[in-house]
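One structure below.
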Amino acid sequence: MPDSTFLDSTELVLNMGPQHPSTHGVLRIILKLDGEKVLGTECIIGYLHRGVEKIGENRTYAQFNPYVDRMDYVAAISNGLGYCLAVEKLLNVEAPPRAQCIRVILTELNRIASHLLWLGTHALDIGAITPVFYCLREREEALKIFEKYCGARLTTHAFRIGGLLYETYDGFEQEIRDFCAMFVPKVDEYEELLTNNRIWIGRLKDVGILSADECKEYGVTGPVLRAAGVKWDLRKAQPYSGYEKYDFEIPIRQNGDTYDRYIVRMEEMRQSVRIMQQAVEAIPEGPIMGKVGKVIKPPVGEAYVSIEAPKGELGYYVVSDGSTQPYRLRVRPPSFVNLQALDRMIRGGLVADVVAVVGTLDIVLGEIDR
Amino acid sequence: MRGLLNRIFLVDLFQGLWVTFRNQHPKYIYTEQYPAERPKVAERYRGAPRLNINPDNGETLCISCNLCALACPEALIVVTSERNEATKRKDLTTFTYDTSRCMFCGLCEDACPVDALELTQDFEMATYTREGQIWDRQMLEEGPKPTQYKC
Amino acid sequence: MADDQKPGGSEAAPPPGSEAAGQPAKPAPPKPAAAPPKPAAPPPPKPPAIMLATPWESDLARELKEAFGEAIGETSTYLGQNFIVAKPGSAIPILEYLKLESDFDYLVDVTAVDWPKRAERFDVVYILYSFSRNERVRVKIFIPDGYQPETAVGVHLTADWLEREVYDMFGIEFAGHPNMRRILMPDEWQGFPLRKDYGILQQDERWVQENLGIESGQ
Ligand code: SF4
Ligand code: SF4
């Protein structure tokens, strides 16, 4: 019999989720604890699995378009853009310049909306209640623009393969300009609330460090990678939809901890505003729909197209057998791959940091489980 | 040194409090008084479906072409028709639309060649039963009649 | 799970879909009288077309051919995207070579495609990216049902979950994988959903009946 004292510390297995408010959905994390210290984790996912890839194989190309909005539902427009670009690549067509420009504006607006929701909920997880109200208030303005543009706020179905269905509404440009002008001071305001706050710094600094090499090893992309000092953004590296025309910076930080990821995302919102401001002044005239037939029937072939979604690299690998339905449609979700690094990030940390790290990864379970 | 002073005088705290104080201004308050005040949704809003009727003669605009049913990813529209020998057209007999499975993507609306099917600005579609979500032709033509709450 | 009947279901009409892709505004010339429903004939089966890929000429392709010789079946490019078809056993050495010698240090995705009529039933596709070269390449292997390709976890840690997902969806087991379990579906799930012969409705109904004791109502 092993000699154990009354106050021996034994390992404890703790279930976090799936119904835990700070897992942002239905993520279950099994934690192995030694007191406060995390010895290891395991993620159980799949509670939200709807078989999106299988649905894709049973729908026509155009019919599948609304389903992609339901993966990363806080950044539905980015999903739609990636899917449309992938099918356009297979068809070997390009959206007309006007459509591309409007796509860029809406996608950047969606990036802001997504980051705002992240900031609000992340701050809420850490214990700062105020930012969530302000963030959702500003996000509401963005959602209103979506609603006016395409008739839905969240699952927008805004883009069509080959271009756009909806022309801009009257006053669209002015509303974007107003939003940009209104929004930049708001970001400063969030920073005023959080950046120097001692509790915020205490909870985030040096928590969940992921170095650049580890990021590459785990395939982690997006703000997490940039916070580790890798200056890589698909919008710059392999520009799509006319991103090469706009002048913007890729914000990076060096430490790769949770605080840096926060700074990177804040700066990204400012850069998104910059892109929108440039794009809205230069919306070209012209058609908004490219030359695609009524029935979309790509030739036999395959293509992998990826875009920089708010969470990282979002890829679509589409295999066509020449019929009206995709033969195979694979989605490479950024959250799924990023979540894999969770274990590395919190091993050896404290239980309370788990919440911070899950929040900083900015996962959306709809996208992980598909 | 500066950092130390900042810490002693709780600068970060007061900075934050000043932000919250500024946001007390009524201009920044954003609350929708929903049941009392109905929000105005956008013109292009994709809400409750409606089957339009011709205002002149009260006949339906639908020509029973079934395109909407084929366009729908969820295959939830069922159109039946019978051939009218007199006019050599198809007359619409029934039209069912299962709103419980609809994702309001608007593909059916785009597919309709005569603008008969339309997604309108109504958004209050809750029912007490599942069956109530399946709308028939009459319901589609009249539109939902939600209870209005006033206070 | 949504019902995955082909839209249009029993009418057997080929779903035209894509009406949406048309015009910005709905032009609505009222259709002249009596457009009869299109005769519900599926399009005649065409001879299986092939992907019109062109050979991929580059230093990297030559280098790989030199290093691996016979093991590399094809180096092609389609729509500006390069891919390599390799012998099943040599996928991992190729990934390793690409990572160490050519800087393809980021494994973007591992996935599979099911071709039930082919002798080698599955494609396993590795998508790689190199940060320094800003270049993507796909490595494909064709494997028969039951073949266990080697795991890529030793080369790229990110392959862990991606391979588990391939196993979950296609039933391809990766030899040497540390944790070859289902990831998205419940552990006791029968069948592999993304195989082409997977009956969606039957599987779904059975699971719902066994586990929840109700009719799935689909
Ligand atoms: S809105 Fe979309 S899901 Fe709903 S009936 Fe129309 S096509 Fe079908
Ligand atoms: S597409 Fe329009 S006209 Fe045709 S059946 Fe549907 S509602 Fe009627």
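Out of the total accessible area of the stretch A:49-369 (probe 1.4 Å, heavy atoms of protein only), what percent is carbon and sulfur?
Numbers: 4510 of 8560 Å².
Heavy-atom surface of the stretch A:49-369 belonging to carbon and sulfur, 1.4 Å probe: 53 percent.
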Pairwise label distance in nanometres, C:Thr54 with A:Asp213, each label 7 Å out on the Cα-Cβ vector: 4.1 nm
Distance between modelled label sites at B:Thr94 and C:Glu66, nm, 7 Å Cα→Cβ extension: 7.3 nm
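One quarter of the convex hull surface, Cα atoms only: what value does that give for the stretch B:1-106 in nm²?
Result: 14.1 nm².
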Residues in the stretch C:178-194 that, when all protein chains are in place, have 10 Å² or more less accessible area than the chain alone would give (probe 1.4 Å): C:Arg181, C:Ile183, C:Leu184, C:Met185, C:Pro193, C:Leu194
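On average, how many beta carbons from a partner chain sit within 10 Å of the beta carbon of a residue in C:151-160? Walk me through the numbers on the way to the answer.
Details: counts 0, 0, 0, 0, 1, 4, 8, 10, 2, 3.
Mean shielding by partner chains, rounded to a whole number: 3.
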Burial of 40 Å² or greater, the stretch A:283-321 residues [accessible area, probe 1.4 Å, versus chain by itself]: A:Met289, A:Lys294, A:Val300, A:Glu302, A:Tyr304, A:Tyr317
Solvent-accessible heavy-atom area per residue, rounded to whole Å², over the stretch B:49-142 at 1.4 Å: 51 Å²
Inter-label distance, nm, simple model (7 Å from Cα along the C-beta direction), A:Met182/B:Phe14: 3.2 nm
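My understanding is that a pair violates if its Cα-Cα distance is over 22 Å; which of A:Lys236/A:Lys311; A:Lys245/C:Lys99; A:Lys89/A:Lys236; A:Lys144/A:Lys245 do that in this structure? Before the final figure, lay out each step's value.
On the way: A:Lys236/A:Lys311 16 Å; A:Lys245/C:Lys99 32 Å; A:Lys89/A:Lys236 19 Å; A:Lys144/A:Lys245 27 Å.
Check vs 22 Å cut-off fails for A:Lys245/C:Lys99; A:Lys144/A:Lys245.
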Accessible area expressed per residue, the stretch C:105-218, with surrounding protein chains retained (probe 1.4 Å, Å²): 40 Å²
Most to least packed among B:123-131, A:355-363, B:45-53 [average Cβ atoms within 10 Å]: A:355-363, B:45-53, B:123-131
Listed residue pairs exceeding 25 Å between alpha carbons, taken from A:Lys54/C:Lys140; A:Lys54/C:Lys87; A:Lys297/C:Lys196: A:Lys54/C:Lys87
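Accessible area of the stretch B:1-128 with a 1.4 Å probe: how many percent of it is carbon plus sulfur? Can you show the working numbers first?
Working: 4260 of 7690 Å².
Of the solvent-accessible surface of the stretch B:1-128, carbon and sulfur hold 55 percent.
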Rounded to the nearest 10 Å², the accessible area of A:Lys231 at probe 1.4 Å: 120 Å²
Loss of accessible area when C meets B, both sides summed, Å² nearest 100, probe 1.4 Å: 1500 Å²
Accessible area in square angstrom per residue, the stretch A:68-146, 1.4 angstrom probe: 22 Å²
From phi via Karplus (6.51, -1.76, 1.60), per-residue ³J(HN,Hα) for the stretch C:99-109 in Hz, x at Gly/Pro: 5, 7, 8, 10, 6, 7, 9, 10, 7, 6, 7
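Would you mind giving the total buried accessible surface between chains C and A, with a 1.4 Å probe and ligands, DNA and RNA left out, rounded to the nearest 100 Å²? Please list the in-between numbers first.
Values: alone 14160 and 15610 Å², together 24250 Å².
Buried surface at the C/A interface: approximately 5500 Å².
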At least 30 Å² of accessible area lost relative to the chain alone, listed for the stretch A:162-205 with a 1.4 Å probe: A:Leu165, A:Tyr166, A:Glu189, A:Glu192, A:Leu193, A:Asn196, A:Arg198
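Please give the total accessible area that chains A and B bury against each other, computed with a 1.4 Å probe and expressed in Å² to the nearest 100. Please report the intermediate quantities before stating the final value.
Values: alone 15610 and 11620 Å², together 24660 Å².
For chain A against chain B, roughly 2600 Å² becomes buried.
In peptide C:51-61, how many Cβ atoms from other protein chains are near each Cβ within 10 Å, on average? Show your work: numbers first, answer last.
Working: counts 8, 3, 3, 0, 0, 0, 0, 0, 0, 0, 0.
Going residue by residue through C:51-61 and averaging, the value is 1.
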Over the stretch B:49-142, relative contact order from alpha-carbon pairs under 8 Å, at least 6 apart, %: 35 percent
Helix B:11-22 vs. chain B, principal-axis angle (Cα, 0 to 90°, nearest 10): 50 degrees
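The values are calculated or read from the model by the stated rules, or taken from the named source; none is laboratory data. Just so it is clear, the structure is predicted and the values come from calculations on it, not from any experiment. FYI the Cβ positions are ideal-geometry reconstructions off the backbone, even for glycines, and counts take in every protein chain you see. Surface areas here come from the heavy atoms of the whole protein model, side chains and all, with no ligands, DNA or RNA. Shrake-Rupley method; radii C 1.70, N 1.55, O 1.52, S 1.80 Å.
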